[in-house]
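In what follows, a single structure is set out as structure tokens and then discussed.
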């Protein structure tokens, strides 16, 4: 699967790694840790999302080790990964929420609309993902 242009290679690798570990079921982290000769706590930190303290990126050397132990581990369908914000499931949930917001706006008065507009403006400025247009997702 080609990495989504909105996602960096490290996040793509993290999601693929998460999918690999999930494929082993219970004890997946320990099994993978043993196979790649890393401590289970290190493997756990490889799964941390970006920005979480203690996170370990999956670099080139680790990609090579993983590919030797688990050929094809990077060949994933991102839509099957729950955390992927660009998956079809996430998009449909996003669309459902947008429709609910529109319904609520239609049912409110002008003062309510001003409050919603102000809140949406603040969110737009605070969270970069909010600056994406629906067509870019």
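Just so it is clear, none of the values below were taken in a lab; they were calculated from the coordinates. No experiment lies behind these values; they were computed from the predicted model shown. Cβ atoms come from the backbone with ideal geometry, glycine included; neighbour counts cover every protein chain shown.
Modelled spin labels at residue 31 and residue 101, positioned 7 Å past Cα toward Cβ, are 4.1 nm from each other. Once both labels are positioned 7 Å from their Cα atoms along Cα-to-Cβ, the gap between residue 119 and residue 57 label points is 3.7 nm. Packing, taken as the mean count of other beta carbons within 10 Å per residue, orders the peptides 44-56, 8-20, 96-108 from highest to lowest as 8-20, 44-56, 96-108. With the biggest extent put first, the Cα atoms of segment 9-80 measure 29, 27, 25 Å across the principal axes. In percent, rounded to a whole number, the relative contact order of segment 9-80 is 36, using alpha-carbon pairs under 8 Å and six or more apart. For segment 34-56, the residues whose amide N sits under 14 Å from a probe point set 7 Å from the Cα of residue 65 along the beta carbon direction are 34-47, 56.
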